[in-house]
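Accompanying notes for the structure given below.
All of the numbers you see were taken from the coordinates with simple rules; none came from a lab. Bear in mind that the values here come from a model prediction, so they are computed numbers and not experimental data. Glycine also receives a Cβ, built like all others from the backbone with ideal geometry; neighbour counts cover every protein chain displayed.
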Amino acid sequence: MRKEVLFSGFGGQGVILASVILGRAAAVYENLYAVQTQSYGPESRGGASRAEVVISDEPIDYPKAIAPDYAVFFSQEAYSKYLHTVKEGATVIVEKDLVPHRDPEFEKKLNVIALPLTEIAEETTGLSLTMNILTLGIFVGVTEIVGRESIEKAVRDAVPHGTEEINLRALRKGFELAEKLKP
Amino acid sequence: MKYPFPVGKSDFIQGDEAIARAAILAGCRFYAGYPITPASEIFEAMALYMPLVDGVSIQMEDEIGSIAAIIGASWAGTKAMTATSGPGFSLMQENLGYAVMTETPIVVVNMMRGGPSTGQPTFPAQGDMMQAIWGTHGDHMLIVLSPSTVQETFELTIRAFNLAEKYRTPVVILGDAELAHMRERVYIPNPDEIEVVYRKLPANEEEAKLPFGDPHGDGVPPMPIFGKGYRTYVTGLTHDESGHPRTVEPEVHQKLIGRIFRKILGHKDEIISYETFELDDAEIAIVTTGIVSRSAIRAVKMLRERGVKAGLLKLNTIWPFDFGMIEELAERVRKIYVPEMNMGQLYHLVREGANGKAEVELISKIGGEVHTPMEIVKRVVG
């Protein structure tokens with residue numbers, strides 16, 4: 001069961017943190033194999049940011065994504081650059097307001113969830129920067145790649161102390177949205 | 001002993017973090033370094049953990065100072081480590097030779113990035129293999145280890161300390177930027193689950209007077225601790241068994257350097273480690289080390305699905321090198337491929353080992369991306 005997940009956007013959106021939390025939920029709380037890798041330039045904010053998580057029930061050889069089964073796009077640049085690398089039938093989450101130019105023809109081959117994620121995060125927690133955790137909630141709710149309890153534990157482990165509750169609120173809002181999105 | 005991280009359970013951590021935790025479990029209590037991408041997280045972890053285990057982590061003025069400090073710490077009886085990347089590793093070469101000549105157990109980590117010079121700070125490469133083996137001047141011998149997963153990075157770091165202590169030698173760990181920042185599940189063992197080796201100390205005054213002798217016939221002299229009662233002379237100049245400079249007698253130099261080579265090469269079967277995958281009936285062999293091995297494992301699976309009898313030899317130690325093992329391999333396969341993230345380094349060692357018994361082809365890739373399995377498959381099937 002090798003599953004590849006791509007998270008992409010720009011620096012500062014929590015792209016890498018979201019990937020770390022997903023990998024941690026799989027590796028530590030689901031006893032699966034997981035590899036998280038990232039690539040970014042020397043700048044810590046504003047540059048293109050990309051992270052990958054490979055999850056499997058057996059040891060993972062090649063650690064990078066070849067054709068992602070799941071992808072998250074938080075920026076136009078990331079969408080334009082990587083959309084066409086995803087597998088046919090992939091589940092894809094798009095930050096609608098930050099990706100104005102889409103490829104409707106290609107999206108027909110995919111299961112696309114496009115929402116104003118930043119706006120929903122802001123409405124839910126008052127903090128737009130919880131958008132990455134909200135997205136993780138939607139992602140896990142829809143794909144069930146790891147259990148909800150596992151991702152909650154991993155969020156608690158990984159977010160700064162004192163922000164656990166606000167992040168869990170964002171995560172659970174994501175679960176709630178996922179329920180409505182399920183076919 | 002209470003550790004500043006959970007033991008006896010799995011965690012999801014970066015290669016850099018795994019090195020720091022393994023070092024502490026191996027008994028390292030002194031770290032000196034200078035920050036550099038992609039090895040800075042090792043320093044960050046050491047700065048956090050060392051005070052909690054009664055150790056010391058210190059930032060030096062540069063990488064020359066860093067390796068000098070760990071050599072000093074080691075002579076004071078403490079297991080010591082530094083970590084860097086290409087530019088810093090270049091600066092360390094002089095003192096790496098000093099550690100070889102003074103037979104000082106130290107661990108030097110180089111998380112390789114694209115070079116030469118400052119190159120590609122955030123991208124992985126394997127361009128420092130020859131430098132790790134031959135970078136310092138003069139006839140020298142040391143040990144170079146090369147992991148491919150975060151778990152292996154953890155385990156080989158413990159092994160690096162054990163080998164350094166056992167053979168009184170510097171040990172280099174060659175990782176890369178991918179492994180440095182990659183997170184994977186790692187089992188962090190309880191201290192009683194791991195073997196930890198400590199250097200031989202002089203058993204008596206006689207042994208202490210000859211810190212560069214060979215009282216046990218294994219080529220490894222017991223190492224006195226500075227400040228523990230013996231007058232010990234340590235120099236990079238050619239020295240006799242007592243440690244005093246003797247620079248004009250050929251036989252003194254021959255004896256010293258001969259023993260430094262012998263203590264490693266005489267135990268090479270114990271030092272060298274490797275793994276094979278589908279190699280027994282292979283007609284095509286792939287020889288790799290480090291992160292690329294993972295692409296090669298996948299490539300072997302893909303080649304087997306296509307009916308190509310491919311197999312992998314993955315080297316966990318790249319120095320000393322088992323040339324004889326490569327020759328035996330070359331005798332029973334049609335061709336050997338060497339994928340590596342440089343313009344051809346391991347390739348030269350493999351070709352020397354193959355000794356013309358099989359064709360050896362380099363699959364070179366530079367620029368900051370690990371070979372994809374398909375890139376290897378395509379080269380093999382043409």
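Worth a mention:
- Axis of helix B:150-167 versus longest Cα principal axis of chain B: the two differ by about 40°, to the nearest ten degrees.
- Averaged over peptide B:9-16, the number of partner chain Cβ atoms lying within 10 Å of each residue's Cβ comes to 4.
- With a 10 Å cut-off around each Cβ of A:56-67, the average count of Cβ atoms from other chains is 5.
- Helix B:63-75 and the longest principal axis of the C-alpha atoms of chain B enclose an angle of approximately 60°.
- Ranked packing of A:108-114, B:74-80, A:119-125, B:249-255, most packed first, by mean Cβ within 10 Å: B:74-80, A:119-125, A:108-114, B:249-255
- Förster radius 60 Å - calculated FRET efficiency between B:ARG262 and A:GLN76 (Cβ-Cβ, nearest 0.05): 0.40
- Each peptide in A:59-65, B:199-205 was scored by the mean count of other Cβ atoms within 10 Å over its residues; highest first, the order is A:59-65, B:199-205.
- Approximate spin-label separation A:ASN111-B:LYS378, in nm, with each point projected 7 Å along Cα-to-Cβ: 3.2
- Distance between modelled label sites at B:GLU205 and B:GLU251, nm, 7 Å Cα→Cβ extension: 2.9
- Folded to 0 to 90 degrees: helix B:292-305 orientation relative to chain B principal axis, Cα: 30
- The mean number of Cβ atoms from other chains found within 10 Å of a Cβ in peptide B:177-184 is 6, as a whole number.
- Helical contribution to [θ] at 222 nm, DSSP H n ≥ 4, -39,500 (n - 2.57), averaged over chain B, rounded to 500: -11500 deg cm²/dmol
- Those aspartates and glutamates that a straight Cα-Cα span of less than 13 Å connects to B:LYS268, excepting residues fewer than 8 apart in one chain: B:ASP218, B:ASP322
- For the residue pairs A:LYS81/B:LYS335; A:LYS87/A:LYS180; A:LYS153/B:LYS79, the C-alpha atoms sit more than 29 angstrom apart in A:LYS81/B:LYS335; A:LYS153/B:LYS79.
- Spatially proximal aspartates and glutamates relative to B:LYS357 (Cα-Cα < 12 Å; intrachain offsets below 8 disregarded): B:GLU327, B:GLU328, B:GLU331
- The spacing between the stretch B:98-167 and the stretch B:226-285, judged by their C-alpha centroids, is 16 Å.
- Ranking of B:ARG231, B:ARG262 by neighbouring Cβ atoms within 10 Å, starting from the fewest: B:ARG231, B:ARG262.
- The stretch B:144-171 residues near the modelled B:LYS9 label - backbone nitrogen below 17 Å, point 7 Å along Cα→Cβ: none
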